[in-house]
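Sharing a structure here in structure tokens format.
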Amino acid sequence: MKYLRKNSILYDIYKATHYILFKRHIYGLTSSLRVLPDFIVIGVVRGGTTSIYHYLGQHNCIRKSAYDELGFFDDNYHLGLNWYRSMFPTRFIKNRIIKKYGKFMTYEVTPFYIYNPKVVQRIYDILPKIKVIAVLRNPVDRAYSNYYLGVRSNDEKRTFEDAIDSDLKKIQDTSNDDYFGQMIDKSYIARGFYSEQLQIWMDKFPKEQLLVISSEDLARKTDDTLAIIFDFLKLPNYKIRDLTKRNEAKYPPMNQDTRKMLVDYFRPHNEKLYSLLGRRFDWDR
């Protein structure tokens, strides 16, 4: 391996083979017998996607991927399709579940997919008929939660006010064409520009393959929201027993002046989203 130049074709082949054989073991060796996902949950970060990963896998017709946040279509794409297949059930499991329950679906959840245009094209090229679910959270609360994720991991030393002030200055100095590619991955604010992110998916996939729900509905009206998802997937409704919220975090309340400023800032961006979706979320307060 030391003789292989990184980012070369041979190095990529070596790495993919290594991950399939030595990291995925029997799952990698049986990858050709495994299915690809029927739907993907694409976002957003700090929007309840870990909870939804655990909820949906409890439906008797659904089996989840090996773990949450596979990141195949962004960070792990070089590992190849066999590595991706190794994360899902075999065709034998699929046939057994269809025989028992009448239908079968499998899925993955990676919240970073939503804002990456390259991901949209890759998914469309490999899985053009896939169903896509986006879970959106009030961008003000999402930004604050994402900030405290950085604080807890010791990656963020600034105050929230300093962090968003820096964000807003960069966004003001950056064209819309640039911020997706250059700064959205590191921006608490830009990740909340949902209309721009979803438009890329809507330009590629027909509307009947896309479902957008709110994180707030998922948290407060969990059963009703899951019923909407099952209907979208054309599966029978199913009572999910374990509705424990995952990856919940506690942090101090946001400064009210800061919150008011951010609510005002995001209002026109939210209006663009509401116009795109043809419905509203209760976020502007």
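The values are calculated or read from the model by the stated rules, or taken from the named source; none is laboratory data. The structure displayed is predicted, hence computed values, not measured ones. All Cβ positions, glycine included, derive from the backbone under ideal geometry; neighbour counts span all protein chains shown.
If a residue must be β-branched (Val, Ile, Thr), over 21 Å from Tyr67 (Cα atoms) and in a loop (DSSP other than H, G, I, E, B), how many such residues does segment 106-152 contain?
Total satisfying the criteria: 0.
I'd like the full set of residues that are touching a Lys or Arg at 6+ places or on another chain (Cβ under 7 Å), more than 27 Å from Lys245 (Cα to Cα) and either outside any helix (DSSP H, G or I) or without any contact (Cβ under 8 Å) to a residue 60 or more places away in the chain (or both), limited to segment 73-90.
Selection gives Tyr77, Arg85, Ser86, Thr90.
Now, a different point. Please return the ranges of helices (runs of 4 or more DSSP H) entirely within segment 159-216 where 2 or more residues are modelled with pLDDT of 85 or more, more than 19 Å from Lys118 (Cα to Cα) and in contact with a Ser or Thr (Cβ under 7 Å, 6 or more places away or on another chain).
160-172
Among the listed residues Leu136, Leu149, identify the single one that is modelled with pLDDT under 95 and hydrophobic (A, V, I, L, M, F, W, C).
Leu149
Which residue out of Phe205, Phe281, Phe232 is surrounded by 16 or more Cβ atoms within 10 Å (Cβ to Cβ) and more than 18 Å from the chain's Cα centre (by Cα)?
None of the other options fit; the residue is Phe281.
This table checks each residue for (1) within 11 Å of the chain's Cα centre (by Cα); (2) surrounded by 18 or more Cβ atoms within 10 Å (Cβ to Cβ); (3) part of a loop (DSSP other than H, G, I, E, B); (4) not hydrophobic (A, V, I, L, M, F, W, C).
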position: Arg46; (1), (2), (3), (4): yes, yes, yes, yes
position: Ala66; (1), (2), (3), (4): no, no, yes, no
position: Gly71; (1), (2), (3), (4): yes, no, yes, yes
position: Lys99; (1), (2), (3), (4): no, no, no, yes
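Given the criterion without any contact (Cβ under 8 Å) to a residue 12 or more places away in the chain and closer than 30 Å to Arg34 by Cα, identify the matching residue among Lys99, Lys103, Lys169.
Lys99
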